[in-house]
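Here the structure is laid out as structure tokens; the discussion comes afterwards.
The values are calculated or read from the model by the stated rules, or taken from the named source; none is laboratory data. The model shown is predicted, which means the values in this text are computed figures rather than measured ones. Neighbour counts are summed over all protein chains in view; Cβ atoms, including those assigned to glycine, are modelled from backbone coordinates with ideal geometry. The accessibility values were calculated without ligands, DNA or RNA, using every heavy atom of the protein model including side chains. Shrake-Rupley method; radii C 1.70, N 1.55, O 1.52, S 1.80 Å.
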Amino acid sequence: MQIQWPLFFWIFRPLRLLTLISSSLATAYVLLHDKPLEFFLDMNAVVFVISHSFLISLLLGQVRSESFAFLYSQGFSRDLLWRHVWLATLASVLATWVPCAVLILTPLRSHFQDWMLNPWFPLMAPTESRFLTRSLLFYGMLLPLFHYEWIRSSMPFRGRVSGHLLVIAYFVCGLFLTERLWSFSVDLARTSMFLGFIAISAILGLFGYWLHKRLEIGA
Amino acid sequence: MMVEIFFLAAIVILPIYLTTKAWRWSASTSKINGKTPWSISIVEASTLAILTSVMVIHVASGGTGLITTPLQDFIIRERIMVCAIMIAVAGCWILLGIWKSISLASVGMIISIWMATIFVSSTPAYERFEKEIRQIPVPINFTIQEQIDDIDVIINGVRMGKATLHTTIEELEAKVPPITLSQDEYSKGWKNFGNSTYLPRAKIRLDRANEVTIRTHQKESEPMELYVQLERHGQPVMISGNTGHSGPSRMFGNIQPATIPLSVMTEEWHRDTTTLLEKARLADYRVDTDWISAADTYFRFVRNALIAAIPKEPPFRHVLTDWAKSRYHLDQVTDVESAWRALQAIQAQVDKDGAYQTNSITGDAVEYLIERLDSDRVIAIAKTKLKRLSTISAGGFGYGWGSEFGEPCFSTSFQTPQTDRKPSDFVLAHVIWRLDQKWNAQSNDQDNPVEREIVPELIKLSYLDPQAMKMATVLGGSTLNEFNRRQERQVYSFKESNDPMKNEYIEGQFVSRDFWQSLNAVGPAGAKFRKEHSYQALELAEQFLSKSFSLTSLPNWTDFLFLEVEGREPLARNFWKSFRTKVEGDKNHRPWALGVLWTYLARIRPMPPASDFVAAFPKQSPSYGDFGNPETTISLLPVDLRLRVTQDCIAEAAKGKSIHQPNSEPYGAFNQIEFQLIRYIPSIPSDAAADVAMQYLEKTNPRSPDVSNQLKNQGTYGQLTSQMMARLATSSNPEHRRWVIPQIKILPDSTNRDTLARLLTDEDSSIRDAAEKVAGDLEELRRLPYPKLK
């Protein structure tokens, strides 16, 4: 895949401030949080990923803005635009995630917490790599959902609620079950439930791509 | 389970199927007009339906996640109906959301789910099925603890079948006539075998399990009174008087069967068990394969008898080890590889049994292997396992004091199989624990491999599983010390935290887990913490003590009181006054009081002087029952203090009052308490104790004019030590020499057989005759074939 850097930077423009803030927040949190990082047990981290993902899609999906109309009228193919939207998304996520990963894996965080005489460090440092994989997975589950939402609500058949209902249902269901997900005694139940959510994200990501191709931009 | 699988399959398979369909459909659609394409409608509707279904399953299972406890068919049917209705209702809300108002649809959805939750999981939900639930048969199982086959179970005179008997409350109500026996009728024919009482019948009061919810609990009917008799091959079998059982229940449709374990014995089985033990003594506590195969037929009886005998006769430990070696073919262990294979065989057996205890024959086999195993390999495997786990908690896992061998032991049992934890993992835990002890005994200056490799993994696990910290605390090491030192900086109070995850439930109250862990930490960090928080620790101990209402043994929560405190004596010293006042004030448990107080004192390091033990002795005891069985109570003391404390207590008892005053029969010049204490002296295993006992016997003690005869008559009460027997055998008093002969028959080990050999040439012909008779009896015992259970 060829990256057109001017196009990437143009699309990324609205995400600059968000990325800067989210990256700073995440880095500070990862460095200073005094308990071992466990993604699904740490509601701060979960809420952060949800908010970040939602804001990315909100800022990239300003379909009624002039800049959006301008971009979509410059003759870029929809596939190229779609790929670069995801590239900008990925850049924002990685700009937030990579500093955290560096802090955790180097392990600067562990040294810092050790220096602060935190009893859990450096012991718990090796266990925190799963915080990184799980947070990335969670981004991967949410972003297709949110991107689908803005594309769906830009369609001529969007109606009143368009993709919002899906997102609401996804979240109500997810939040309701998050607490239970780890306490299910049946491994089959836990795995299937998790795969079910991933499957829904994958389906919506696929249909987001299909709808994006058919997006009609009003100037 | 079927319902669960069905819905889970739906969650995964349905989206895949619908996506494939929709994708094919969409491929043929190139243009979009103002109408929603069918493909999108299908995808969105199916996704919403799936998410709603997940929610509804959650609701239908009573809000406890997916179905984790078996439900009755009629409850499942109702919940499936609720699911279907909820999906339809949810569909309506979705349509309303699409066409009208998302807010209205969301509110409607939440109300619907909330109502469905109330409908399926509240108390009235179960009361709707009260009639059906009451009709479900509740299983009742009568089991024989000693696992003896071919035993007939007779209940209230009706022969019900062979044990293990599986019946139901309904069958019992239909077949068994109600009878009531008076206490005399019920206990008529009781017998003592060893220290236990056995009765011809067991009396069981069995709940009818008619309650369905807490509200209907009030309507519960009178329990059934069952008199259980057992027979084997037409011969009656006695049942232990201590029969406890779990109660049956139908609460909330969850059927809990009742299991009634019966411990059995007959005169013949007791005699055979005793004979096997006697033959083991005669063989100087080393047993051959024939003995083991005979003992295997009486497995539980002999094992229990050995474990009961070990505190008095430690060499019986060798018998258990020989038995373990035979059972697990440990003679074939020649190198680390064969030791490893033997350990794996033990682990396989433990997994099959579903339980493991360190103080068992299997535990002994593991003990035997510890020295022969490749410790690096064991530690590497244990470390890998620990890295894989998120919790070490098992179905039932315990670690504590109070085993039969008087030392800490692990005990595990798994009620339900776990995917990532097995009972055999605790075999490894046992090996790790012993390796740590062995290396600590060699040198405690540096961390040993267990403390380096295993303890850090346990501390990591303790973030989510406090049980792991308990195991880490047992092992210790510098990593744990550092952890505790740092933890201590963050701990401010023992008060309950608002976060339930940060609390520990101890002795009826919640306390800060961090505080509790730091308080119980071993090593320098824990010692420093206890020094700096001694005021709070004692305040906490006062709170626990005020809630302890049955002090028949030393409570587990007192452990921290005996741990070291930096630069000071243990907290137990400061707390002694409060503890003693509470124990002595507990009038309902007076026979246990002295035992509890002495156990407390005996755990304090450095050991308190004998005068402290004597001070705890009740001075104004009306009877010896006030300090329980003297033999048991005094044996709680360290061996080197027993004689001194006993003598001082005798002096104290002389000052006290007794219901039996001196010179009344049969206590001679002593009051009853003095007499009981004197009688214990010959069983204290030391030369000094034997000398003191001889003074009493030979009337060189000015206050012992009559005690000799009384001690002789009580000769069979306590087992004499070899030192005592040797002195008796060389006594100038022929009575004493005569007295020792039956004692040798009770304990015919090699030392005592030598003593018997000397008595065979005694100058007194009557002693020679008695010795010859015992020698003949022992020879007959030697020739006797090993008894086996037929």
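Grab the helices (runs of 4 or more DSSP H) fully contained in segment B:408-480, keeping just those with 1 or more residues being more than 12 Å from chain A (Cβ to nearest Cβ) and at pLDDT 80 or above. Steps first, answer last, please.
Working: elements: B:425-442, B:455-461, B:466-475.
Hits in segment B:408-480: B:425-442, B:466-475.
Given the residues B:ALA163, B:ALA125, which is the only one that is modelled with pLDDT under 85, of a type outside the set (Asp, Glu), within 30 Å of B:ARG300 (Cα to Cα) and buried (at least 19 other Cβ atoms within 10 Å of the Cβ)?
Working: B:ALA125 fails: within 30 Å of B:ARG300 (Cα to Cα).
Going through B:ALA163, B:ALA125 in turn, the sole match is B:ALA163.
If I filter segment B:738-769 down to residues being touching an Asp or Glu at 6+ places or on another chain (Cβ under 8 Å) and open to solvent by less than 20 Å² (accessible area, probe 1.4 Å), which single residue comes out as nearest to B:LEU282 (Cα to Cα)?
The residue in question is B:PRO748.
Every residue in segment B:458-469 that is surrounded by fewer than 21 Cβ atoms within 10 Å (Cβ to Cβ) and of a type outside the set (A, V, I, L, M), please. Working first, answer last.
From segment B:458-469, those surrounded by fewer than 21 Cβ atoms within 10 Å (Cβ to Cβ) are B:463-467; that's our starting set.
Of everything in segment B:458-469, those that are surrounded by fewer than 21 Cβ atoms within 10 Å (Cβ to Cβ) and of a type outside the set (A, V, I, L, M) turn out to be B:TYR463, B:ASP465, B:PRO466, B:GLN467.
Taking the conditions exactly as written (in contact with a Pro (Cβ under 9 Å, 6 or more places away or on another chain), assigned to a helix (DSSP H, G or I), of a type in the set (Ser, Thr, Tyr) and modelled with pLDDT of 90 or more), does A:SER23 satisfy them or not? Please lay out each step first, then the result.
Working: in contact with a Pro (Cβ under 9 Å, 6 or more places away or on another chain): yes; assigned to a helix (DSSP H, G or I): yes; of a type in the set (Ser, Thr, Tyr): yes; modelled with pLDDT of 90 or more: yes.
Considered against the rule, which asks whether it is in contact with a Pro (Cβ under 9 Å, 6 or more places away or on another chain), assigned to a helix (DSSP H, G or I), of a type in the set (Ser, Thr, Tyr) and modelled with pLDDT of 90 or more, A:SER23 comes out as yes.
Can you spot a residue in segment A:109-122 that is under 24 Å from the mean Cα position of the chain (by Cα), part of a helix (DSSP H, G or I) and not acidic (Asp, Glu)?
First, pick out the residues of segment A:109-122 that are under 24 Å from the mean Cα position of the chain (by Cα): A:109.
Checking which are part of a helix (DSSP H, G or I) leaves us with A:109.
Restricting the remaining residues to those that are not acidic (Asp, Glu) gives A:109.
Looking for residues that are under 24 Å from the mean Cα position of the chain (by Cα), part of a helix (DSSP H, G or I) and not acidic (Asp, Glu), one finds at least one in segment A:109-122, hence yes.
Kindly list, by first and then second residue, each pair from a residue in segment B:431-448 that is over 17 Å from B:THR479 (Cβ atoms) and in contact (Cβ under 8 Å) with a residue 12 or more places away in the chain to a residue that is of a type in the set (A, V, I, L, M, F, W, C) and part of a loop (DSSP other than H, G, I, E, B), limited to pairs with Cβ atoms under 8 Å and residues at least 6 apart or on different chains.
Final answer for the pair search is B:VAL431/B:LEU373.
Could you check B:GLN344 against (1) over 27 Å from the mean Cα position of the chain (by Cα); (2) modelled with pLDDT of 90 or more; (3) surrounded by fewer than 16 Cβ atoms within 10 Å (Cβ to Cβ) and say which number it fails?
Condition not satisfied by B:GLN344: (1).
Could you figure out which of (1) in the same structural domain as B:ILE370 (by TED's automatic domain parsing); (2) open to solvent by 10 Å² or more (accessible area, probe 1.4 Å); (3) charged (D, E, K, R) isn't true of B:ASP436?
Answer for B:ASP436: the failing condition is (2).
For B:GLU482, which of the numbered conditions (1) open to solvent by less than 10 Å² (accessible area, probe 1.4 Å); (2) touching a residue at least 24 places away in the same chain (Cβ under 8 Å) fails to hold?
The single condition B:GLU482 does not satisfy is (1).
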